[in-house]
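Chemist: Following this message is one structure expressed as structure tokens.
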Amino acid sequence: MKYKEAVRYLQEKDPKLSQLITQVGECHFASATPKTNLLSALVWAIIAQQISTVAANKIYDRLILQYASVEPLQVTTLLQASDEDLRKIGLSRYKIRYLRSLAQYLSDNPLIFDELEKLDDEQVIEILIQVKGIGQWTAQMILIFWLQRLDILPSGDLGIRRAVQNLYELEKIPSPETVMKIGESWHPYRTIASWYLWRSLSNSIMGINL
């Protein structure tokens, strides 16, 4: 098991999380994250904002079928695609604007593809949030599911907050600050803890398309 050490550490640090880990079973974090190029990963992350993983995958698959069925998705393809065609795929006008902003940013900064893997977590977030439409959550999804960093806790994610509420039997859904406080003991494997929290709600985490 690739994440045996991380799982054992989390079980020793947090009895509640240990119970959840036992219930869910083996961690399949890496197997749920097939590698794509950075552009495709960012496109999926933007599409997935505020909608379900299932819905995001349907829209993403339509986009890939129309614009990248033979070769990988290209920056120029997004810049040249018409708003009408993108709307037919299921994208809102806001997400179309965000995808164009992303494509323009990557066109102006082509070396970003090579740089991100060399940077620490905070530097990656700092760079990505410069793109209109990419905030803290989207950057964290890239860190978790594309770069596969092991110590990311997306405390603002509603699913994570709901899972924490359920696990610790809290009266109301916790604030992001409370989630961070609870998760202090999970360092340096907060990504793995997050994976188990998501899995406690559904299997949709297995469908993340990055």
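Chemist: Modelled label-to-label distance, His187 and Lys172, 7 Å Cα→beta-carbon offset: nm?
Modeler: 2.8 nm
Chemist: After finding the eigenvalues of the alpha carbon gyration tensor for the chain, what semi-axes result from the square roots of 5 times each, listed largest first in whole Å?
Modeler: Numbers: eigenvalues 202, 61, 51 Å².
Ellipsoid semi-axes (Å, largest first): 32, 17, 16.
Chemist: Quick check on the exposure proxy: order Tyr3, Tyr60 from fewest to most C-beta atoms within 10 angstrom. Please report the intermediate quantities before stating the final value.
Modeler: Details: Tyr3 19, Tyr60 22.
Lowest to highest Cβ neighbour count: Tyr3, Tyr60.
Chemist: So which lysines can Lys4 reach, going by Cα to Cα under 20 Å and dropping same-chain residues fewer than 8 places off?
Modeler: Lys13, Lys16
Chemist: To continue, here is another question. Counting other beta carbons within 10 Å of each residue's own, what order do Tyr94, Tyr189 fall into, fewest first?
Modeler: The order, fewest Cβ neighbours first, is Tyr94, Tyr189.
Chemist: Springs between alpha-carbon atoms under 10 Å, Gaussian network over the chain: tell me which of Leu91, Leu65, Leu38 tops the mean-square fluctuations.
Modeler: Looking only at Leu91, Leu65, Leu38, the biggest GNM fluctuation is shown by Leu65.
Chemist: Follow-up question, since we're still on this one. Most exposed first by the Cβ proxy, i.e. fewest other Cβ within 10 Å, how do Asp108, Asp83 rank?
Modeler: Working: Asp108 9, Asp83 12.
So the residues, fewest neighbours to most, are Asp108, Asp83.
Chemist: Continuing with the same structure: How far, in nm, would the chain grow between Thr76 and Trp137 when pulled straight, counting 0.36 nm per residue and subtracting the alpha carbon separation? Please report the intermediate quantities before stating the final value.
Modeler: Working: separation 61, 0.36 × 61 = 21.96 nm, distance 2.57 nm.
In short, 19.4 nm is gained.
Chemist: While we're on this one: Quote the charge dipole size of the chain about the Cα centre in Debye, to the nearest 20; the model charges only the Cβ of Lys and Arg (+1) and of Asp and Glu (-1). Display every interim value, and only then the final one.
Modeler: Numbers: 23 positive and 23 negative charges, 130 e Å.
Its charge dipole is roughly 620 debye.
Chemist: For the chain, set up a Gaussian network in which alpha carbons nearer than 10 Å are linked by springs, and say which option among Pro176, Pro110, Pro188 fluctuates the most.
Modeler: In the Gaussian network model the winner is Pro110.
Chemist: Based on DSSP H runs of at least 4 residues, each adding -39500 (n - 2.57), what is the mean residue ellipticity at 222 nm of the chain after dividing by all its residues, to the nearest 500 deg cm²/dmol?
Modeler: So the helix-based figure for the chain works out to -16000 deg cm²/dmol.
Chemist: Which residues make up the longest stretch of the chain that has no GluC sites (Glu not before Pro) in a DSSP loop with at most 16 other Cβ atoms within 10 Å?
Modeler: Answer - 27-168.
Chemist: To continue, here is another question. What base-10 log of the normalised intensity I(q)/I(0) is obtained for region 38-146 from the Debye formula, alpha carbons as equal point scatterers, at q = 0.12 Å⁻¹?
Modeler: -0.37
Values quoted throughout were computed directly from the atomic coordinates according to the rules given, and no laboratory measurement underlies them. Predicted model only: the values in this text are computed from it and were never measured. All Cβ positions, glycine included, derive from the backbone under ideal geometry; neighbour counts span all protein chains shown.
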